[in-house]
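J.: The following block contains the structure, expressed as structure tokens.
The values are calculated or read from the model by the stated rules, or taken from the named source; none is laboratory data. Here the structure is a predicted model, which means the values were calculated and not measured. Note: ideal-geometry Cβ built from the backbone for every residue, glycine included; neighbour counts use all protein chains shown. Just the protein is used for accessible areas: all its heavy atoms, side chains included, with ligands, DNA and RNA removed. Shrake-Rupley method; radii C 1.70, N 1.55, O 1.52, S 1.80 Å.
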Amino acid sequence: TDAYKALNFDKDDDFAISFWYSGNISQSIATTTQNALITKRGVQDTLILNKKTRKRELKEQNLMRNRYPFDIQVYNHPAGKTTNGKIRLRRSDGVTTYSSASATQCTGSQFHIVAQKSSSYLELWIDGTREIHSLDPVPNEVRNQSKLMFGSLNTSLSESLSGSLDEIRIYNQPLNET
């Protein structure tokens, strides 16, 4: 999926996001307690009028969305020793926000991660083990106009990842256990 095209999932849509993650114990940008892995929370194209050329142009804007279909993050060292490296899955309709973190601390090697919505459940899998299986408490619409971002919340590189993402796959259905 092209990072500069809108990718939205409706509140009732099933989906799966599968990828490999490798990161260090400490992140180079640690101004917050988490760093972005894959998100639809922070960048949007806005149509503006260029006064010099008198033409309409698209301009990227860094915005902080409070409604998003998914937000996958890794906790970094300011979060503390027991939380550092845990993967956090979030989803919000602007009123109700779901947030849950893995038990596994993903530091020091590669980890296969799957975040998905399957029927009424949100799930997070790490290396084939289901870490999160929770009813989706978000009752309203989650779509937004933000761009799909990999390794950063926005173009100013806030919450940027020190590590790597590989073999990213996005599906319009949940994956099964096999």
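J.: Loop only per DSSP, at most 13 neighbouring Cβ atoms within 10 Å: give me the chymotrypsin sites (Phe, Trp or Tyr not before Pro) in the range 1-103, ordered by residue number.
T.: Here the sparse-neighbourhood loop sites are 4.
J.: If you take Rg and Dmax of the Cα atoms in Å from the coordinates, which of (i) 20.5, 78; (ii) 16.5, 57; (iii) 26.7, 87 do you get?
T.: Checking each listed value against the structure points to (ii).
J.: If you bin the C-alpha pair distances of the range 84-178 every 10 Å from 0, what whole percents do you get?
T.: All Cα pairs considered, the percentages come to 13, 43, 38, 6.
J.: If I compute solvent accessible area with a 1.4 Å probe over the protein chains, what percent of it on the chain is carbon and sulfur?
T.: 45
J.: Could you tell me which of the pairs 40/117; 11/59; 117/147; 81/147; 11/55; 40/81 are separated by over 25 angstrom between their Cα atoms in the structure shown?
T.: Working: 40/117 15 Å; 11/59 28 Å; 117/147 20 Å; 81/147 32 Å; 11/55 36 Å; 40/81 28 Å.
Exceeds cut-off: 11/59; 81/147; 11/55; 40/81.
J.: Can you give the Rg and Dmax of the range 11-75 based on its C-alpha atoms, in angstrom?
T.: My reading of the Cα-based Rg and Dmax gives 16.8, 50 Å.
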